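Just so it is clear, none of the values below were taken in a lab; they were calculated from the coordinates. Everything quoted here is computed from the prediction, not taken from an experiment. Neighbour counts run over all protein chains shown; Cβ positions are idealised from the backbone, glycine included.
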Amino acid sequence: MKASEKNIRRAAATLNDPRWIAVQAHDASADGAFYYSVRTTGVYCRPSCAARPARPENVAFHANAAEAERAGFRPCKRCRPDQPSLGEQHAMLVTVACRSIESAETLPTLEQLAKPSGLSPFHFHRIFKAVTGLTPKQYAQAQRARRVRRELGRSDSVTTAIFDAGYNASSRFYETADQVLGMTPSSYRAGGIDHDIRFAVGECSLGAILVAQSVRGVCAILLGDDPDALARDLQDRFPKANLIGGDHAFEQLVAQVVGFVEVPAIGLQLPLDVRGTAFQQRVWQALREIPAGSTASYSEVAARIGSPRAVRAVAQACAANALAVAIPCHRVVRNDGGLSGYRWGVERKRALLEREAAR
C-alpha cells in the first residue's frame, strides 16, 4: 500500500473516532478516559492538552498512559499526562475537605478548609462546588442531616439525637425537619410509624404502576413488571408506616398518573412529596425544567445546576428518583444521544420519549 493511501486510511480512522472531537475541543472532561499520541513528535497527551491538534493521520488513541508508553511514546511536557490531572488534583483536595467536614463537630470556616490546599477561599469554594455539586455549607448540612437520621435510629431520645448530630439548638433542626426527614422526628425514629401512605397498583401500557401518596403529596410512582415487587419496594422505604390501600377516590388519582403516562401532552398537575439530598433536589428540579419532547445529556444537566464536573453524581441522582414521569429522568440521555440505564428499564425510557416526541 502506498504511503499516501495509508495516511488517508489513518486519517479516516481518526476522523471517524468520537474521541477526535474531544481532542479538537481540548475537552477536560475526557481527561483520564483516554490518551492520544502523535507519531511525528513521539509524545502522548491528555485530550485537554492546549497544544494545537496534530494532523489526524498522525494520531493514535490509547486507553491509558501505560499503553501509550508501551507503544514507545513519551509524556508531553505541556499537559504532563503521566501526572495527576488538574481535575484529579482538585478531587483530592476536596476529598480532604469533605473528611474534615465529616469529622468536625462544628463546620470549619471556609478559610480553614481552603488553607491545606494553598488556594484562596474564593477559588477553593468554586472548586468544591464544581466537584461535589454543593457548597461547603450545603455539604455540611447534608452530612448533619445524615447524622441525625442515623442518631434517630439508635438514640432513646429525639432531643439527644438532634444534639448528637451537631445541632446546637433543637429549634434550628425543627425548622428544617420536614424537608430533611419528610415527617416528624419521632415518626422517623419509629421507622415512619403512624405515617399514613395510601397506595394502589394499576396497569398501564408500560406494565405495572404503583402510585403512593403521603399527606404532603405523591411520594412514589414506580414502574415494573411485578406488582408485588413494587409493593415490596414501597414497604422497604417505609417499613413501619401505615400503608393503606387506596379507595375509589385514590383510584382516580392513579388514573390521572396512568393517563399522563399514556398521553404526556395532558400534563400532570399533582402535589409532590419530593425527598432527597440538597444535590438531588437541584438535579430533580432541573429535570422538571426539561420540556416534554426534549432531552438533555447528563453533562448538560450538570452544567445547568452549576456543577459541570458532577456528571456521575447527576446520573446517581437520576437513578435515585422514585417519581417516574413526574420527575422526568427518562429525558436524560448520553452525550451522543443514546439511551443509557434507566431505573425502570431502557425500553420504558424509549417508549416515554417516543410518546413525548409524537405529541
- Message: Which residues among region 113-141 fall inside the zone where the amide N is under 17 Å from a point 7 Å beyond the Cα of R99, along Cα→Cβ?
- Response: 113-118
- Task: Compare the Cα positions of A320, G306, Q269 along the charge dipole of region 252-328 (+1 at Cβ of Lys, Arg; -1 at Cβ of Asp, Glu; about the Cα centre) and return the one farthest towards the positive end.
- Result: G306
- Cα gyration tensor, region 11-71 - rounded (a/c under 1.5), prolate or oblate: rounded
- Query: Mind checking which lysines have their C-alpha under 29 Å from K129, skipping anything on the same chain fewer than 8 residues away?
  - Reply: K115, K137
- Provide the per-residue ³J(HN,Hα) series for region 60-66, in order, calculated from phi with Karplus coefficients 6.51, -1.76, 1.60 and θ = phi - 60°, each as a whole number of Hz, with x at glycine and proline positions. 9, 10, 9, 5, 8, 5, 4
- Query: Can you work out ³J(HN,Hα) from phi for every residue in region 111-126, in order, using Karplus 6.51 cos²θ - 1.76 cosθ + 1.60 and θ = phi - 60°, giving whole Hz and x for Gly and Pro?
  - Reply: 5, 5, 5, 7, 4, x, 7, x, 9, 5, x, 5, 5, 5, 4, 5
- Note on the structure: About its Cα centre, region 1-109 carries a charge dipole, from +1 on Lys and Arg Cβ atoms and -1 on Asp and Glu Cβ atoms, whose size in debye to the nearest 20 is 780 debye
- Highest mean first, what order results for 90-98, 228-236, 318-326 on Cβ atoms within 10 Å? 318-326, 90-98, 228-236
- Treating only Lys and Arg (+1) and Asp and Glu (-1) as charged, each at its beta carbon, one finds that region 250-309 has a dipole about its Cα centre, in Debye to the nearest 20, of 360 debye
- Could you work out how far the C-alpha centroid of region 247-300 sits from that of region 214-229, in angstrom? 13 Å
- What size of dipole, in debye to the nearest 20, comes out for region 226-359 about its Cα centre when the only charges are +1 on Lys and Arg C-beta atoms and -1 on Asp and Glu C-beta atoms? 580 debye
